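Okay, structure first, notes after.
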Amino acid sequence: MGRDDWYRRTTWSATDRAEFYARLNRSRTLEAKAQYLCIQAGHLQETGDCDRIAAAVELLDDLVARFPCTFQLTMAHLQRAECLDALDRVGEAIESFRAAVAARRALPNVCTRVALVFGMFCIRRELVELLPEAEAYVVEFDDESPFPRDVFEANAVFAIARAQRGDTPGARAAAVGALAAARLTTSGLPAHSTLGLVDDVEPKLLAQLERLAG
């Protein structure tokens, strides 16, 4: 095992878990321990395997319980929400998204995509009653990101939320903005021209945006 592989495992047997925690407990700082928990959870999450995603949730629960004052807290809540969404534990995912929002407010210098991820979650899950909340978070945490993916997702949330409350002109303008961002083939940043592009749009969402754009 390489020097850093101990916290980048994609398997999670009883031996894997024991070895991970033995190394974790030897780490010197709380911030480092929290970071290792986040990274390991992320690698298990990326496998797409339900049992390993559930293990990722347990790691993130451990982080939240033991290291609540670290800079990893906002990301931990967001990762946990995404894992719970993948496991179809929707109610728990919503609460974890809200915890991520609260953590970001407490640590405003730690930027995450929590507002956009929550907004797209609400659209995908058709949680119409949560769209005003999602829209408010996007407005609150707007960092004027130059990346097309962020512009697309922000405008998609605005378009669907505005359409739900009957703001047809507002929905149309946001839908046009989302579709324009989706068509971009460069980020406009010379050193990172392909970073943050819109890779794929769910057909149902694309049809909604095209309809709203008129």
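The values are calculated or read from the model by the stated rules, or taken from the named source; none is laboratory data. These numbers were taken from a predicted model, which means no experiment stands behind them. Heads up, the Cβs are rebuilt from the backbone with ideal geometry, glycines too, and the neighbour counts pull from every protein chain shown. All accessible areas refer to the heavy atoms of the entire protein, side chains included, with ligands and DNA or RNA removed. Shrake-Rupley method; radii C 1.70, N 1.55, O 1.52, S 1.80 Å.
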Is it the case that some residue within the range 105-112 is within 29 Å of Lys204 (Cα to Cα) and either part of a helix (DSSP H, G or I) or not aromatic (Phe, Trp, Tyr) (or both)?
yes
All conditions in (1) in contact with a Leu (Cβ under 8 Å, 6 or more places away or on another chain); (2) over 15 Å from Ile39 (Cα atoms); (3) open to solvent by 20 Å² or more (accessible area, probe 1.4 Å) are true of Phe121 except (3)
Pairs with Cβ under 8 Å, 6+ apart, first in the range 187-214 and under 20 Å from Arg113 (Cβ atoms), second of a type in the set (Asp, Glu):
Gly196/Asp150
Within the range 101-108, is there a residue that is touching an Asp or Glu at 6+ places or on another chain (Cβ under 9 Å) and surrounded by fewer than 19 Cβ atoms within 10 Å (Cβ to Cβ)?
yes
I need a count of the residues in the range 83-98 that are free of Cβ contacts under 8 Å to residues at least 24 places away in the same chain and in contact with a Lys or Arg (Cβ under 8 Å, 6 or more places away or on another chain).
1
Hits in the range 44-69 (condition: open to solvent by 40 Å² or more (accessible area, probe 1.4 Å), of a type outside the set (A, V, I, L, M, F, W, C) and touching a helix residue (DSSP H, G or I) at 6+ places or on another chain (Cβ under 8 Å))
Gln45, Thr47, Gly48, Arg52, Asp61, Arg66
Selected residue [crowded, with 19+ Cβ neighbours inside 10 Å, assigned to a loop (DSSP other than H, G, I, E, B) and under 20 Å from the mean Cα position of the chain (by Cα)] from Val151, Val198, Val157:
Val198
Quickly run through the range 201-214 and pick out the residues that are assigned to a loop (DSSP other than H, G, I, E, B) and open to solvent by 60 Å² or more (accessible area, probe 1.4 Å).
Glu202, Gly214
Here are the criteria: (1) buried (at least 21 other Cβ atoms within 10 Å of the Cβ); (2) under 22 Å from Ala180 (Cα atoms). Tell me which single one Gln79 does not satisfy.
(2)
With the requirement that a residue be in a loop (DSSP other than H, G, I, E, B), over 13 Å from His43 (Cα atoms) and open to solvent by less than 70 Å² (accessible area, probe 1.4 Å), what does the range 1-19 give you?
Gly2, Ser13
From the list Leu116, Leu130, which one is farther than 15 Å from Ala178 by Cβ, in contact (Cβ under 8 Å) with a residue 24 or more places away in the chain and open to solvent by less than 50 Å² (accessible area, probe 1.4 Å)?
Leu130
Restricting to the range 133-148, and then to whatever is modelled with pLDDT of 95 or more and among the hydrophobic types (A, V, I, L, M, F, W, C), can you tell me which residue is surrounded by the fewest Cβ atoms within 10 Å (Cβ to Cβ)?
Val139
Note on the range 167-195: residues assigned to a loop (DSSP other than H, G, I, E, B) and crowded, with 16+ Cβ neighbours inside 10 Å are Leu184, Ser187
From (1) modelled with pLDDT of 95 or more; (2) within 20 Å of the chain's Cα centre (by Cα); (3) not hydroxyl-bearing (Ser, Thr, Tyr), pick out the condition that doesn't hold for Phe71.
(1)
I want to confirm something. Restricting to the range 114-148 and keeping residues that are of a type in the set (D, E, K, R) and in a loop (DSSP other than H, G, I, E, B), which single residue is nearest to Val90 (Cα to Cα)?
Arg125
